[in-house]
Amino acid sequence: MSSLHLAPEKTALVLIDLQNGIVAMSTAPYPGTEVVERSRKLVEAFRAKGGTVVYVRVDLAHFQQLPVDVSLREPNAPPPPPEASEIHPAAGFQPGDLLITKKHWGAFAKTELEQELTRRGIDTVVLGGITTNIGVESTARQGTGLGFAFVLVEDICTSISADAHRFAFETIFPLLARVRKTDEVIAALA
């Protein structure tokens, strides 16, 4: 594993879907609340070093429906309440943080994320969130295609199953990015 050094002025912490309706889901290998706690440690480290902090949420009431075999919502179910799409209070969102709202899996597709990062001179994205192999993986794949370097933080991600999480971190992410833990990323900001 190569050493990691992150220049805070050129690095953004991007947190995927740390919102009420998703943090409350049953996840593995980590509960959503643990992911939020560790994410907040990284948020505080980034802020202390002057780094960019980005929260991405999905608009659950207006999620882009595609012709697929499995739906996340029961047929004819009412849309989730608006508070389900709000950033979880323990995640630490503050004025001055960037908030991106997406309507599909990845954070770059049809949002202003690429433009906001480019405008700030960001070339590296530290990424985590819920769920590993859906929103996080979609964002990493889209972003690498746009030329951003990525660091995927294993212990600030979780999924709907431990096997899905493990597969992404053992098979997919090492091909796209550097894979680290929270404490390693904090040390790399020093």
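Coordinate-derived values only; no laboratory data. These figures come from a predicted structure and were not determined experimentally. Cβ sites come from the backbone with ideal geometry, for glycine too, and all protein chains shown count toward neighbours.
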Can you check what the net charge comes to around ALA90, using other residues whose Cβ is under 15 Å from the Cβ of ALA90 (Lys, Arg +1; Asp, Glu -1)?
-3
Theoretical gain in end-to-end length, HIS5 to LYS49 [0.36 nm per residue, Cα-Cα removed]:
14.5 nm
Antiparallel content of DSSP bridges confined to the chain, in %, to 5:
5 percent
Final fewest-first order of VAL54, VAL179 on the 10 Å Cβ neighbour count is VAL179, VAL54
Which of TYR30, TYR55 has the fewest other C-beta atoms within 10 Å, and how do the rest follow up to the most?
TYR30, TYR55
Please work out how much length the chain gains when fully extended from ALA77 to GLN94, using 0.36 nm per residue of separation minus the C-alpha to C-alpha distance, in nm with one decimal.
2.8 nm
Give, as a single signed number, the net charge of other residues whose beta carbon lies under 15 Å from the beta carbon of THR52, with Lys and Arg counted +1 and Asp and Glu -1.
-2
Full-extension gain in nm, GLU37 to ILE160, via 0.36 nm per residue minus C-alpha separation:
42.4 nm
Can you list residues from other chains, or at least 5 along the same chain, whose modelled amide H is less than 5 Å from the amide H of THR158?
GLY129, THR132
Tell me the angle of helix 32-49 to the major Cα principal axis of the chain, expressed in degrees between 0 and 90 and rounded to the nearest ten.
40 degrees
Using the Karplus curve 6.51 cos²θ - 1.76 cosθ + 1.60 with θ = phi - 60°, what ³J(HN,Hα) values do you get for each residue of region 175-190, in whole Hz, with x for Gly and Pro?
7, 9, 7, 7, 10, 9, 9, 3, 5, 5, 5, 4, 4, 6, 7, 5
Which FRET efficiency value, to the nearest 0.05, is calculated for GLU112 and ALA61 with the Förster distance at 25 angstrom and r the Cβ-Cβ distance?
0.80
With VAL151 itself left out, Lys, Arg at +1 and Asp, Glu at -1 over residues whose Cβ is under 11 Å from its Cβ give +1
If each residue's Cβ is checked for other Cβ atoms within 10 Å, how do ARG57, ARG178, ARG47 rank with the fewest at the top?
ARG47, ARG178, ARG57
What relative contact order, as a whole-number percentage, does the chain give when Cα pairs under 8 Å and 6 or more residues apart are counted?
31 percent
Point-to-point label distance, ARG141-MET25, nm (Cα→Cβ direction, 7 Å offset):
1.6 nm
Summing -39500 (n - 2.57) over every DSSP H run of at least 4 in the chain, dividing by its residue total and rounding to the nearest 500, the 222 nm mean residue ellipticity is -7500 deg cm²/dmol
